[in-house]
1. Which residue, ILE48, ILE203, ILE193, has the most motion in a Gaussian network model of the chain that connects Cα atoms within less than 10 Å?
2. Which semi-axes, in whole Å and largest first, does the equivalent ellipsoid of the stretch 87-163 have when worked out from the alpha carbon gyration tensor as the square roots of 5 times its eigenvalues?
3. As a footprinting exposure proxy, order ARG169, ARG201 by other Cβ within 10 Å, with the fewest listed first.
4. What whole-number distance in Å separates the alpha-carbon centres of the stretch 102-129 and the stretch 2-45?
5. Please order LEU146, LEU78, LEU40 by the number of other Cβ within 10 Å, starting at the fewest.
6. Looking at the chain, which longest stretch skips every one of the GluC sites (Glu not before Pro) that is in a DSSP loop with at most 10 other Cβ atoms within 10 Å, leaving the sites themselves out?
7. Any idea what % of Cα-Cα pairs in the chain are farther than 22 Å?
8. State the antiparallel share, in %, of DSSP beta bridges confined to the chain, rounding to the nearest 5.
Amino acid sequence: MSKIKQTIATAKADGRKLLIPYLVAGDPSLSISLQLMHELVRAGSDIIELGIPFSDPSSDGEVIQLGAERALAAGTTLSSVLQLVAEFRQQNNTTPVVLMGYLNPVEVMGYEAFVGEASKVGVDGVLLVDMPPSESVNLARLLEGLDMDLIFLVAPTTSDQRTRLICERASGYLYYVSLKGVTGASITDTGSIAKKVAELRQITQLPIVIGFGIKDEDSAAAMAELADGVVIGSALVSRIDQLEVIEGCVDSNALSQTVAFITSIRKRLDNLK
C-alpha cells in the first residue's frame, strides 16, 4: 500500500479531512522550500504537493506562474526538485509528497529514469496536469510497481467519457478542480461543485479533494464539507512571495507566520467532525 493510501486510510478512520498545501519547489530557493515543507507538516498538513517549476504553466494563474519564474530564475530543475525530496526525507519519512507539474520535464528525463529516481528519493505520487489519461498507461505501470500513485485532475468541463477513463487510471486520490479557468480564481458556485462531486462518487471510490479558489478558513471548510479534503495553492504561494530573503536566508518567525493560516485552516477542518 502506498504512503498516500495509508495516510488517507488513517484520516478516514479518524474522521479527519485531508489538508494538502501546494508550493513551488525552489521558490524563492530550494533551501527555503525545504524549511517551508517542514513548517507545513508542523501546521497540520497531511500531504504536500510540490510543484515542479515549468516555463509554460498553462493551467496556473499569475501567482503560481510568478512562483515558477522565481524558482526557474534560481536555477531549479527537475533533478534538484528530486534532491529536495531526498533532503526532506532525512527528517520526515511519513508525510506523503506528490510531485505536481507538467509533462515536458518528465519526458525529457525519461519515464523510467524519472520514476526510478523519484522512488529512490521518497516521492509518493505524481500529478502531471497535461498528461492525457489515454497516454498514461506506461507511466502508471511504472509507478504502480513501486507503490507510487498517479493522480489526475477532473475539471467542470471534463467530459463524462474522459472522467470515467481518469477514474479507471487514477490512484491515491482524485483532484477536482472547483472552477473553470486557472489557479488563483475565486469559487462562486458551490452548488455545481456539490453536484459534480456527488456524480464522481457514483463512479469512483477514490477519495476526492477539491482545489483551485480555496483561500481561507471559510472556503476551505465549505469545500471540505463536500469532499474528503482540500488543496491550498495560490494562497500559500502568494504568502511565500512576501518573504524577505536576506543573504539567502529567511527568519524562522517569518516562515512560521507564512504558514500560520494553514494552522488555522487545519483547526477549522477539525471542527467539522
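All of the numbers you see were taken from the coordinates with simple rules; none came from a lab. Computed from a prediction, not measured in an experiment: that's the story for all the values here. Cβ sites come from the backbone with ideal geometry, for glycine too, and all protein chains shown count toward neighbours.
1. Checking each option, the largest mean-square fluctuation is seen for ILE203.
2. Output for the stretch 87-163: semi-axes of 24, 15, 11 Å.
3. ARG201, ARG169
4. 19
5. Details: LEU146 14, LEU78 21, LEU40 26.
Result, fewest neighbours first: LEU146, LEU78, LEU40.
6. Details: sites that count: GLU244, GLU247.
Here the longest segment lacking exposed loop sites spans 1-243.
7. Numbers: 19647 of 37128 pairs.
So the portion of pairs separated by more than 22 Å is 53 percent.
8. Restricted to the chain, the bridges split so that about 5 percent are antiparallel.
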